[in-house]
Amino acid sequence: MTDPLQPTPLTAGNWKMNGLSASTGELAALIHAVNTKTAPTCGILICPPYTLIAAMAAQAAGSTVMIGAQDCHAAYSGAHTGDISADMIADAGATHIIVGHSERRADHGESSELVKAKAVATHQAGLIAIICVGETDAERDAGKTLEVVGDQIARSIPDGSAAENTIIAYEPVWAIGTGRTPTVEDVADVHSAIRSALVARFGASGQAFALLYGGSVKPSNASELMAAANVNGALVGGASLKATDFDGIIDAYRV
Ligand code: 13P
């Protein structure tokens with residue numbers, strides 16, 4: 001029998017602002033690999049730009065690959081020109097929404113309070129929120145990693161969160177797209193602090209939230225990072241754009 005407090009691992013790809021209609025070929029290649037190789041012990045998610053969600057959700061239907069979005073507006077609907085609501089994302093066939101990615105926190109000035117509101121909107125649409133946290137290079141150098149991440153965790157996660165509707169992604173800003181990664185010990189330290197904060201807030205059920213690591217994950221370092229304590233999967237940027245690379249990361253969950 002499966003342990004209800006054991007997190008379900010997830011390998012998630014964040015395509016960021018990459019992907020045109022021809023990119024559905026990469027999804028086709030990924031689905032082919034997933035259908036023909038040993039079934040991994042993790043879920044598989046691709047978060048393309050909004051413009052590809054409906055087509056890719058239709059393409060992935062019937063496979064184990066899930067499709068998500070990279071952001072949403074906090075409101076249900078209304079006068080917000082150019083924005084996309086969680087309900088629209090659900091309607092397009094997605095199952096997950098990434099909220100609070102450091103690129104949105106930096107490029108769009110998103111506060112943890114706004115990230116929390118977006119997570120609430122995600123939950124209200126019946127979708128799973130992937131809430132991102134992580135320190136900058138300067139914050140790490142100043143020895144503030146656990147303080148910064150702890151503050152983001154406290155303020156970005158809504159009260160109604162549970163393992164069924166919320167995943168946390170720890171992505172050190174300085175590791176994103178740089179080829180630099182923290183040591184496995186550093187990742188384990190931060191993930192264990194996040195786990196403790198979740199248990200302190202949500203009780204034993206805090207054990208069940210999946211905690212993803214993100215930042216320069218690639219096939220060559222995935223197994224080592226995924227084996228760290230309290231690491232329950234990856235949030236992958238660059239290496240998720242090519243099916244062969246992404247499938248090589250999923251291999252960490254094929255025994
Ligand atoms: P990279 O894997 O390209 O470092 O990006 C990580 C990331 O930001 C995923 O959300």
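I'd like to know if region 196-208 contains one or more residues that are within 16 Å of the ligand (Cβ to nearest atom) and either among the hydroxyl-bearing types (Ser, Thr, Tyr) or assigned to a strand (DSSP E or B) (or both).
No, there is no match, as no residue in region 196-208 is within 16 Å of the ligand (Cβ to nearest atom) and either among the hydroxyl-bearing types (Ser, Thr, Tyr) or assigned to a strand (DSSP E or B) (or both).
Each row is one residue, and each column tells you yes or no for (1) of a type in the set (Val, Ile, Thr); (2) touching a helix residue (DSSP H, G or I) at 6+ places or on another chain (Cβ under 8 Å); (3) surrounded by fewer than 13 Cβ atoms within 10 Å (Cβ to Cβ).
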{"site": "Val133", "(1), (2), (3)": "yes, yes, no"}
{"site": "Asp137", "(1), (2), (3)": "no, yes, no"}
{"site": "Asp151", "(1), (2), (3)": "no, yes, no"}
{"site": "Asp159", "(1), (2), (3)": "no, no, yes"}
{"site": "Ala163", "(1), (2), (3)": "no, yes, no"}
{"site": "Ile167", "(1), (2), (3)": "yes, no, no"}
{"site": "Glu171", "(1), (2), (3)": "no, yes, no"}
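Considering every residue within region 227-243, establish whether at least one is part of a helix (DSSP H, G or I), in contact (Cβ under 8 Å) with a residue 40 or more places away in the chain, touching a Leu at 6+ places or on another chain (Cβ under 8 Å) and crowded, with 19+ Cβ neighbours inside 10 Å.
Among the residues of region 227-243, at least one is part of a helix (DSSP H, G or I), in contact (Cβ under 8 Å) with a residue 40 or more places away in the chain, touching a Leu at 6+ places or on another chain (Cβ under 8 Å) and crowded, with 19+ Cβ neighbours inside 10 Å, which makes the answer yes.
Please enumerate the residues belonging to region 188-213 that are closer than 21 Å to Glu224 by Cα and surrounded by 21 or more Cβ atoms within 10 Å (Cβ to Cβ).
Hits for region 188-213 are Val190, His191, Ile194, Phe209, Ala210, Leu211, Leu212, Tyr213.
Restricting region 215-226 to residues that are open to solvent by 20 Å² or more (accessible area, probe 1.4 Å) and assigned to a loop (DSSP other than H, G, I, E, B), which is farthest from the ligand (Cβ to nearest atom)?
Lys218
The values are calculated or read from the model by the stated rules, or taken from the named source; none is laboratory data. This is a predicted model, so every value here is computed, not measured. Methodologically, a virtual Cβ is constructed for each residue, glycine included, from the backbone with ideal geometry; neighbour enumeration extends over all protein chains shown. When the accessible area is computed, the model is the full protein with side chains, heavy atoms only, and any ligands, DNA or RNA have been set aside. Shrake-Rupley method; radii C 1.70, N 1.55, O 1.52, S 1.80 Å.
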